[in-house]
Every structure is written in C-alpha cells, then in structure tokens.
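Only one structure is covered here, and it is reproduced in the block below.
The values are calculated or read from the model by the stated rules, or taken from the named source; none is laboratory data. Since the structure is predicted, the reported quantities are computational estimates derived from the model, not experimental observations. Note that we place each Cβ from the backbone using ideal geometry, even for glycine, and neighbour counts take in every protein chain shown. Surface areas here come from the heavy atoms of the whole protein model, side chains and all, with no ligands, DNA or RNA. Shrake-Rupley method; radii C 1.70, N 1.55, O 1.52, S 1.80 Å.
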Amino acid sequence: MTDLIQLDESIEVQRPLHEVFAYVSEFSRIEEWDPAVARGVRLTDGALGVGSQFRVDMKAGFSLLYTVVEWEPDRRLLMTVDSRPFSAREEIVFKKIAEGTRVRYVATFDFVAPLARLAKTCPGVMDRVGKSAMAGMKKALEDRFDPPRAGLGVLLADKLVLPGMLGFTRFGYSSARRHWKPVSAYLRDRHILITGATSGLGLATAEVLAARGAELTLVARDARKAKRVAQDLERRFGNKRIHVEIAELSLLEDVKALAARLLKKGKAIDVLVNNAGALVNPREETAEGLEKSFALLLLGPYLLVERLHPLLRKAASRHGAARVVNVLSGGMYTQKIHVDDLQCSKGAYSGSVAYARAKRGLMILTEEWARRWARDGIVVNAMHPGWADTPGVVASLPEFHRVTKRVLRTPEEGADTIVWLAAATEAGRVSGEFWLDRRPHAKHVLPGTRETPAERRKLLKALAAFV
C-alpha cells in the first residue's frame, strides 16, 4: 500500500526571470542549493527540454532519476522522479513579479509503504526538507557572497610546504569543496576565450562553461582536433556559440595574428583564460629562435593579453568587469624569476625549472595587470589546479604520474577554480591573487623567490621589447 505526500513552497528573489529559469532548470547543479544532495549529473545530450534526464545522488545514500516531461521556457518545469524509496512528480513554476521572480515548487511523493507510514507519522520531516531546499535556492539566486579570504590554516599550511602540497591532491579538493558557495551567475551574455582548450584543464573548463551557456572561443594549434571538440560541445550541451581559432602560441607571429583577427572581429572578451602550456624537456627553441618554455608560458600570454586589452576593456564597459585567469603551477613556489636568463640558456637546462620560472613570471604579470588595469574594470587573477591527472602530466612527468596517480585530481576538479574565477560574482571583486580551490593562497613559500622592484621593472621591459 502507498500514500501520497505533498509539498508546496515558494520563494521570491530579485533576479530577472530568464536568469532564474536558466539556473534552476540546469538541474545537475541542485547540489549547490539543496543541502540533502551530494551530487547532480546531467545524463542526456543536447539542449535542455522535454526528455532531459538528471541523476541526483543523495547524501542519504540513494539516487534519484529526474526526467523532464513538460518544459515551458521561463515559465514552468514538470519532472518525474524515480528511486527506490519513492516516486514523485515535481513542478517548478516561474513568474515575473515587480521585484524580480517568484519560484513555486509543488511536489507529490509516493513512498513505499514502510516509509509512507513514517512520513505520515512525522510530517514535519518532509516539510523541513522542502523548506531547506527552497531556502538554499533563494540564497544561491540572491548571490550575495563575500570573496573568500585566506585563513590562518591555509597560510600556515602553505608556509610549512608539506601540508600545502597535500592540499594539491584530490583529498585537498574534497576537503575544500565543503565550504564552497553556489555560483548562479548568468553566463549566456558572456564571451569567454580559452587557450589550450582541446584537452586537460582547458577542455574541462570549456565543458562546464559551454553547459552554462557562455559563448566560447577555443584557441588551439590542431585545427582538426579543435573542430571535433567544438562539435562535441555543441552536441552535448546544445550550445551553438562555440568558435575556434587556430594558433601556435609559442610563435610570436601566430599570437600577433590571432590577436589581430580577434580585434578585427571586435567582439568584447568578458573572460580570457590563459591555459595553454607544456613542460618542455630537453631544451627546445622555436622557429623564431626563442626557448620554447619562455615563449609558450610567459611571452605568449603577455603578448596576447596586452594586445587584447581593448576587447577586455570593451567587455568591462558593458558588464562592469572583465576577467583574465592565468593558469599557473605549484612548481612556481620553488623558483625566482631570473631576469638575466629568461630563456634558460646559462648552465644545465631543466624543463621543470624552466616551466616553474615562466610560471613565476606570469604571477608577476598577474599582479602588474591587476594594478595597472583596475580603473578599466579588468580583474586579473592566477590559479593553481592542484595535481591533476591530465595528458600533459602523463606525457611530461611520467614518473611523477606513476607515483601519485592514486591521489591525483580529475581534470574537472583541477579546472574548478578556473571556472569559479571566470564565473562567480564574488570572484570579480578580487584582483592580483593566486588561488587554489576557490581560496587565495600565498604567492611565495620559500625564501629567496621574491623578485626585487628593480628585477620586476627589468622583466617588464624585456617582455615589452617583443610587443
């Protein structure tokens, strides 16, 4: 025998109707606002609509299968829910009001007999579940979160090195995410450029942002691979605004040509993600005679950001801010910039050292751009993905990968902070910082890695000579 239990809850938020519908209808993000949910997963490809399915894993240990059976954009969703403990029909109705949007959630649950009796005996339990979920939705949509700060524990772990390194693992990620806030920012009116977007962190970033509706420009060196990635993103997420630009970012002429094409198109860039990279060992020089790590990891991003400044400023004037996200590495902590040997031509060459020095240089640029462009509304931050299991790590650090593979993060986990810096409202209010797992971290942990003001000026002068 079964019994029906009903919930009917409403909230009102000061957000435009289309933004509220876009956030709530992507039901895989339910974990951000329902405290009973451990994880949401989108199961079907294509644009959201009738037939879309989501798996919702509950913290209580069971999973729910949601299927959209009726879909009225900006008006109404009707979903069926199947699971072992119960089945349900859940309706979410959206209505424009003077102050924003009203969201009404109406659900009818059909529990299996033992649970139905328990629910009837303790009706307040289900009522609290519904109120808690809707309160979480309201808080997420209000989007009034302060930027995270580096707590004493984080700073101490960084300074002690080993605890900080443990935070680079998947366990550090799992621990940090318990304190994260929802990201309900509307991205469908944003244009995001991502370099190195066909694999690893860049691809993982593109997948999340494509799913959230952002317009993307993917920069890659392999035209065939880039086209496949763009087509796959469109197929999986129904996002038809995926563009491809081809450039070898270790070649200055390619970077200049890329920037020229983008400037000619004139499309404002809301977010520029400098992700392209590789660890080069032994030493290589490009066709232009530059050491490859320096050219790809430091000079290339410098030229690209400097030349695309007008498009970033254009986006900032439209939306209040534009963002640059520089992807760095924990290896940066071990090195100081060597302004008299930027191309690592003196002494024995180490690919890892060249990589770390270039990333240290990009951190210096992050601080400089953040200071210089604050009045333009351009926010510039750097991030560290932790130890992520990417094709680049497998290829360039096979022994490291063999030893650490059990504790490595997935590319999606490594890319999370890139997405957060690109999308979160509160991330747009902080500039010039170095982030890991959505928290600012120390920029130096070892003595002797901090450059002098004179060295900083010399670095900037050396890079400017290539513009």
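Just to be sure, is Thr205 of a type in the set (S, T, N, Q) and either modelled with pLDDT of 95 or more or open to solvent by less than 40 Å² (accessible area, probe 1.4 Å) (or both)?
Taking the combined requirement at face value, the residue satisfies it.
Considering only segment 1-24, how many residues are open to solvent by 70 Å² or more (accessible area, probe 1.4 Å), out of contact with any Ser or Thr (no Cβ under 8 Å at 6 or more places or on another chain) and hydrophobic (A, V, I, L, M, F, W, C)?
1
With the structure loaded, tell me whether Ala230 is loosely packed, with under 15 Cβ neighbours inside 10 Å and either modelled with pLDDT of 95 or more or in contact with a Gly (Cβ under 9 Å, 6 or more places away or on another chain) (or both) or whether it fails that test.
no
List the number of the failed condition for Leu421; all other conditions in (1) surrounded by fewer than 22 Cβ atoms within 10 Å (Cβ to Cβ); (2) touching a strand residue (DSSP E or B) at 6+ places or on another chain (Cβ under 6 Å) hold.
For Leu421, the failing item is (1).
Say we look at segment 45-59 and pick out the residues that are among the small types (Gly, Ala, Ser) and open to solvent by 30 Å² or more (accessible area, probe 1.4 Å); which of these is farthest from Arg212 (Cα to Cα)?
Gly51
Look at Ala197 and say whether it is open to solvent by 10 Å² or more (accessible area, probe 1.4 Å), outside any helix (DSSP H, G or I) and either at negative phi or of a type outside the set (Val, Ile, Thr) (or both).
Against the criterion (open to solvent by 10 Å² or more (accessible area, probe 1.4 Å), outside any helix (DSSP H, G or I) and either at negative phi or of a type outside the set (Val, Ile, Thr) (or both)), Ala197 does not qualify.
Quick one: which of Ser184, Ser175 is over 23 Å from Gly392 (Cβ atoms) and outside any loop (DSSP other than H, G, I, E, B)?
Sole residue among the options that is over 23 Å from Gly392 (Cβ atoms) and outside any loop (DSSP other than H, G, I, E, B): Ser175.
Which condition number does Thr366 fail, the rest of (1) part of a helix (DSSP H, G or I); (2) over 23 Å from Cys344 (Cα atoms) being met?
All conditions pass for Thr366, except number (2).
Within segment 337-386, take every residue that is more than 18 Å from Ala462 (Cβ to Cβ) and free of Cβ contacts under 8 Å to residues at least 12 places away in the same chain and give me the one that is least open to solvent (accessible area, probe 1.4 Å).
Among those that are more than 18 Å from Ala462 (Cβ to Cβ) and free of Cβ contacts under 8 Å to residues at least 12 places away in the same chain, it is Gly347.
For the structure I just gave you, tell me whether Glu248 is more than 13 Å from Thr195 (Cα to Cα) and open to solvent by 10 Å² or more (accessible area, probe 1.4 Å).
Here the answer is no, as Glu248 does not meet what is asked.
If you scan segment 322-333, which residues turn out to be open to solvent by less than 30 Å² (accessible area, probe 1.4 Å) and either in a helix (DSSP H, G or I) or of a type in the set (D, E, K, R) (or both)?
Result: Gly330, Gly331, Met332, Tyr333.
State all residues of segment 12-32 that are more than 10 Å from Gly100 (Cβ to Cβ) and either of a type in the set (Lys, Arg) or assigned to a strand (DSSP E or B) (or both); if no residue qualifies, say none.
Arg29
Out of (1) part of a loop (DSSP other than H, G, I, E, B); (2) touching a residue at least 60 places away in the same chain (Cβ under 8 Å), the odd one out for Gly202 is which?
(1)
Would you please name the residue that is least open to solvent (accessible area, probe 1.4 Å), looking only at residues in segment 169-194 that are in contact with a helix residue (DSSP H, G or I) (Cβ under 6 Å, 6 or more places away or on another chain) and aromatic (Phe, Trp, Tyr)?
Here the residue is Tyr173.
Residue-wise test of (1) over 22 Å from the mean Cα position of the chain (by Cα); (2) not small (Gly, Ala, Ser).
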site	(1), (2)
Phe294	yes, yes
Val305	no, yes
His309	no, yes
Val325	no, yes
Gln335	yes, yes
Asp340	yes, yes
Lys359	no, yes
Arg375	yes, yes
Ala382	no, no
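Conditions (1) of a type in the set (Ser, Thr, Tyr); (2) within 30 Å of Ile242 (Cβ to Cβ); (3) over 22 Å from the mean Cα position of the chain (by Cα), marked per residue:
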| position | (1), (2), (3) |
| --- | --- |
| Gln6 | no, no, yes |
| Arg15 | no, yes, yes |
| Phe21 | no, yes, no |
| Val24 | no, yes, no |
| Ile30 | no, yes, no |
| Val41 | no, yes, no |
| Phe62 | no, no, yes |
| Leu65 | no, yes, yes |
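Residue under question is Glu451, and the condition is that it be over 23 Å from Val305 (Cβ atoms), touching a helix residue (DSSP H, G or I) at 6+ places or on another chain (Cβ under 7 Å) and crowded, with 17+ Cβ neighbours inside 10 Å; does it hold?
When the stated conditions are applied, Glu451 does not pass them.
Answer yes or no as to whether Arg261 is within 30 Å of Gly289 (Cα to Cα) and open to solvent by 60 Å² or more (accessible area, probe 1.4 Å).
yes
Here are some residues: Ala47, Ala22. Which one is at pLDDT 95 or above and touching a helix residue (DSSP H, G or I) at 6+ places or on another chain (Cβ under 8 Å)?
When all the criteria are applied, what remains is Ala47.
Looking only at segment 411-440, count every residue that is over 17 Å from Met332 (Cβ atoms) and among the β-branched types (Val, Ile, Thr) and tell me the total.
The total comes to 3.
Within segment 25-44, which residues are open to solvent by less than 30 Å² (accessible area, probe 1.4 Å), touching a helix residue (DSSP H, G or I) at 6+ places or on another chain (Cβ under 6 Å) and touching a residue at least 60 places away in the same chain (Cβ under 8 Å)?
Of everything in segment 25-44, those that are open to solvent by less than 30 Å² (accessible area, probe 1.4 Å), touching a helix residue (DSSP H, G or I) at 6+ places or on another chain (Cβ under 6 Å) and touching a residue at least 60 places away in the same chain (Cβ under 8 Å) turn out to be Trp33, Asp34.
Consider His444 carefully, then state whether it is more than 13 Å from the chain's Cα centre (by Cα), open to solvent by less than 50 Å² (accessible area, probe 1.4 Å) and without any contact (Cβ under 8 Å) to a residue 60 or more places away in the chain.
no
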